[in-house]
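What follows is a set of notes on a single structure, which appears directly below.
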Amino acid sequence: MVNIFNKFRLGLAKSSKNFSTGLSDLIFKKKIDENTLNELEEFLIQSDVGVEAAKELKEKFSDVKIDPKKNDQKQIFKIFADYAYEILKPLEKNFENIKKGKPSVILVAGVNGVGKTTTIGKLGKILGQDGKKIVFAAADTFRAAAVSQLEVWAKRINASIIKSEIGSDPASVAYKSLDYAIKNNFDYLIVDTAGRLQNKKNLMEEFKKITKVLKKIDPEAPQETFLILDATTGQSAINQVEEFKKITKITGIIMTKLDGTAKGGILLAIGKKFETPILALGMGEKEDDLHKFNSRYFSDALMQK
């Protein structure tokens with residue numbers, strides 16, 4: 001069985017190759033001077049770690065005496081990995097820390113195409129361990145594909161699902177689902193939502209309405225709101241966090257498709273900029289390929305330590 005750290009290493013292989021090759025080329029093939037440090041900062045920004053993180057890393061590297069003849073590669077990679085760990089460690093959010101309710105209502109947000117429905121299925125599988133009862137609310141009522149995909153996942157992980165006709169009011173689906181979850185003693189209600197950011201005003205109203213009707217039944221609901229981001233979109237993910245934070249309070253981030261990109265550094269940029277808790281990472285297509293976020297594993301895997 002592949003252990004969890006190896007999953008992180010495999011999932012971040014493309015990102016790691018990008019960083020290790022880039023850093024080696026910059027630092028070990030020439031004398032470290034101001035020009036090299038500027039090139040390093042530029043490389044880090046292009047690798048999606050964000051302007052702030054790139055600037056701070058540049059300062060850290062400028063304080064280190066490196067002898068290219070000795071090839072202190074491990075030292076360089078350690079500086080980078082330790083910096084990433086320091087930023088991300090306070091943001092670790094464990095599944096055990098998900099706010100409890102009976103049921104605990106989790107609203108899931110994210111633009112179309114980030115792997116939202118698949119992630120809901122995988123999340124349902126994790127939360128459904130130890131005999132916990134899961135119900136999905138198919139409140140992305142504008143896309144028939146989203147509803148049918150959620151049905152497939154419900155069958156696969158033995159969860160229940162509440163849905164309505166395509167085009168019906170998402171808030172009414174959320175209301176029906178919470179009512180059903182309470183009456184049938186479910187542990188978790190996971191609500192899928194639309195992700196049409198181009199129509200932001202409508203989306204904002206929709207989220208407000210969903211939250212309002214949920215609170216009519218349970219004043220504490222939703223207990224959590226998770227935002228799903230696609231690592232392959234790079235800098236666009238930062239814009240998505242900004243926009244969704246205007247629409248609703250985000251209590252956790254799940255990043256998908258890390259195994260398909262060299263842009264894994266984007267998680268560092270998001271952590272540095274928003275300080276929003278990070279719950280899990282998607283690294284593969286299988287049911288079990290959603291992994292609890294571990295800052296040490298992530299940082300070390302990013303540099304293949």
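The values are calculated or read from the model by the stated rules, or taken from the named source; none is laboratory data. In this text the structure is predicted, and so the values were computed from the model without any measurement. Please note: Cβ atoms are built from the backbone with ideal geometry, for glycine as well, and neighbour counts cover all protein chains shown.
Screening the candidates Ala237, Ala221 for the property of being buried (at least 19 other Cβ atoms within 10 Å of the Cβ) and either in a helix (DSSP H, G or I) or among the acidic types (Asp, Glu) (or both) yields one hit, Ala237. Looking only at residues in the stretch 275-289 that are crowded, with 22+ Cβ neighbours inside 10 Å and of a type in the set (Gly, Ala, Ser), the one that is modelled with the highest pLDDT is Ala280.
Taking the criterion of being over 20 Å from Lys292 (Cα atoms), in contact with a Gly (Cβ under 9 Å, 6 or more places away or on another chain) and at pLDDT 75 or above, the residues of the stretch 15-60 that qualify are Asn18, Leu40, Phe43, Leu44, Gln46, Ser47, Asp48, Val49, Gly50, Ala53. Exactly one residue out of Ala181, Ala159, Ala171 is among the small types (Gly, Ala, Ser), more than 16 Å from Val108 (Cα to Cα) and either in contact with a His (Cβ under 8 Å, 6 or more places away or on another chain) or in contact (Cβ under 8 Å) with a residue 40 or more places away in the chain (or both): that is Ala181. I need a count of the residues in the stretch 39-64 that are in contact with a helix residue (DSSP H, G or I) (Cβ under 7 Å, 6 or more places away or on another chain) and not in a helix (DSSP H, G or I). Residues in the stretch 39-64 being in contact with a helix residue (DSSP H, G or I) (Cβ under 7 Å, 6 or more places away or on another chain) and not in a helix (DSSP H, G or I): 5 in total.
Name the residue that is farthest from the chain's Cα centre (by Cα), counting only residues in the stretch 120-166 that are assigned to a helix (DSSP H, G or I) and of a type in the set (S, T, N, Q). My answer is Ser148. For the stretch 156-171, the count of residues that are at pLDDT 95 or above and hydroxyl-bearing (Ser, Thr, Tyr) is nonzero. Taking the stretch 178-209 as the range and being within 18 Å of Arg143 (Cα to Cα) and either part of a loop (DSSP other than H, G, I, E, B) or touching a Leu at 6+ places or on another chain (Cβ under 7 Å) (or both) as the test, the residues that pass are Ile190, Val191, Asp192, Thr193, Ala194, Gly195, Arg196, Leu197, Leu203. Of the candidates Lys272, Lys263, Lys257, Lys292, the single residue that is crowded, with 16+ Cβ neighbours inside 10 Å, at positive phi and within 16 Å of the chain's Cα centre (by Cα) is Lys257.
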